[in-house]
Every structure is written in C-alpha cells, then in structure tokens.
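Colleague: One structure coming up, written as structure tokens, with questions to follow.
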Amino acid sequence: LRVVSTADASLVQAIDDPHLRSGERAAFRFARFGRGTGNVLAGGSRVPAQQVLYTVLNSRGRAGGAYVVQWNTEGWQRIGTRFTGHSAITTFALSPSGRLLAFATASLQIGICDAHSLKVLMRVPAAHGFAITALAFDKDDRHLVSGSADETCQVFVLPEQWPTPVDLVLEFGQQHLQAIAVLLVLLLA
C-alpha cells in the first residue's frame with residue numbers, strides 16, 4: 001500500500017509487507033477512507049472517523065482468511081483488525097455516512113459490519129450464484145446493492161436499527177427460555 005501526495009507525487013507512507021498478528025503474510029485487496037462524524041475507539045483513545053483508512057487483507061497462507069483493518073492516518077498505526085471468515089474478500093464498500101462497511105467473499109457471502117467497532121452485524125450466505133464483484137450503499141444507508149458475474153444484481157433492504165448486544169442477549173433468552181429454566185431447576189435442586 002502506497003500513500004502518495006497529490007501535490008508533488010512524493011511518498012507519504014508505504015506498507016510493503018502487510019502481515020497478520022500471527023506473522024502470516026497477507027495481500028491488500030481494497031482501501032477506503034473513513035467518512036462521516038463520530039470517532040473510532042482504538043486502544044482506549046478516540047480517532048476521528050475521517051482519520052481512519054479501512055483496508056482489506058486477504059491471507060496468503062494455507063489456512064486462508066480475510067480481515068478488515070483500520071489504520072490511523074495520522075501516524076499510520078494499525079488500530080483495529082477483524083477476522084471476517086476463511087474465504088477471501090472479493091469486493092468492499094463503505095456507506096456514505098461512514099457507519100457501515102459491506103464485504104463480499106469468494107464463498108458468495110455478503111457481510112455488513114459496524115465501521116467503528118468492526119463488529120459483523122449481518123451475513124447473507126449464498127447471495128449470488130457466481131463471484132460478487134460490486135457492492136454499494138444508497139445515500140441513506142437503507143439499502144445495499146450487489147452485482148455479480150452471474151449477471152444479476154440484488155438490492156437488500158437494511159434494518160433501520162441494528163440490534164445492540166443487549167438486544168441479542170434478550171433474544172437469545174427468549175428463544176431458549178425453556179432450556180434456561182430447566183438448567184436453573186437442575187442447578188438449584
């Protein structure tokens with residue numbers, strides 16, 4: 001990855017040999033600058049969203065794997081990394097508000113992440129029948145469109161509000177209430 005000044009074409013920053021924390025080598029696939037308002041929490045400090053560069057790293061190792069990485073463009077430190085799965089990422093998009101990221105994988109899956117925490121919010125398995133080559137959000141972050149080499153496009157209607165961790169715990173509790181009650185009875189008996 002090379003960051004070049006438009007003023008005089010001088011090299012601002014170069015990251016020639018990206019690697020994962022395990023030391024495994026990886027290759028850059030995409031890069032998008034952050035946008036919108038708000039901050040990304042990184043190691044206890046806040047980094048303005050416009051100061052973040054998002055990159056995709058696909059592993060070159062035998063086990064495979066794909067990662068979304070956040071970089072602070074002030075000092076070019078890696079501030080966040082999220083493993084997205086064992087399949088390489090084939091395309092990547094950042095929403096106009098800067099709140100959401102979308103990625104598509106070689107296994108034909110589409111994922112949507114919170115851009116600040118990199119938490120995966122949603123996965124759509126088998127979104128197309130052949131390689132997904134394009135992703136784009138609408139201006140309001142309400143729809144995601146995907147395009148594929150299978151000559152199809154799909155529009156996904158996104159939730160108005162994404163579930164919080166508390167919502168997920170409550171939903172789990174409701175779905176498994178009977179099992180939780182049995183466990184409590186057994187523990188208290």
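Colleague: Carbon and sulfur atoms: what percent of the 1.4 Å accessible area of the chain do they account for?
Modeller: C and S atoms contribute 57 percent here.
Colleague: Once a ≥ b ≥ c are taken as the square roots of the eigenvalues of the Cα gyration tensor of region 1-54, is the result rounded (a/c under 1.5), prolate (a/b larger than b/c) or oblate (a/b not larger than b/c)?
Modeller: It comes out oblate by the Cα gyration axes.
Colleague: Would you kindly state how much longer the chain becomes between Ala179 and Phe130 on full extension, computed as 0.36 nm times their sequence separation minus their alpha carbon distance, in nm to one decimal?
Modeller: That pair, Ala179 and Phe130, stretches by 13.6 nm at full extension.
Colleague: Right, another one. Nearest 10 degrees is fine. How inclined is helix 177-188 to the longest principal axis of the chain, computing both from alpha carbons?
Modeller: 70 degrees
Colleague: Let me have the 222 nm mean residue ellipticity of the chain computed from DSSP H runs of 4+ only, each contributing -39500 (n - 2.57), with the sum over all residues rounded to the nearest 500.
Modeller: One gets -3500 deg cm²/dmol as the mean residue ellipticity at 222 nm.
Colleague: Roughly what angle does helix 165-175 make with the longest principal axis of the chain, taking Cα atoms, 0 to 90 degrees, to the nearest 10?
Modeller: 30 degrees
Colleague: Beyond 24 Å, how much of the Cα-Cα pair distribution for the chain remains, as a whole percent?
Modeller: Summing the P(r) of the chain above 24 Å gives 48 percent of all pairs.
Colleague: Just want the answer: with Cβ charges of +1 for Lys and Arg and -1 for Asp and Glu, which residue in Leu108, Ala26, Ala181 is farthest toward the dipole's positive end in the chain?
Modeller: Ala26
Colleague: Suppose we flag trypsin sites (Lys or Arg not before Pro) only when DSSP calls them loop and at most 10 other Cβ atoms lie within 10 Å. Which is the longest uninterrupted stretch of the chain?
Modeller: It runs 63-138.
The values are calculated or read from the model by the stated rules, or taken from the named source; none is laboratory data. This structure is a prediction, so every number in the text was calculated from the model and none was measured. Here the Cβ is made from the backbone with ideal geometry for all residues, glycine too, and neighbour counts use every protein chain on show. Note: accessible area is taken over every heavy atom of the protein model, side chains too, but ligands, DNA and RNA are not part of it. Shrake-Rupley method; radii C 1.70, N 1.55, O 1.52, S 1.80 Å.
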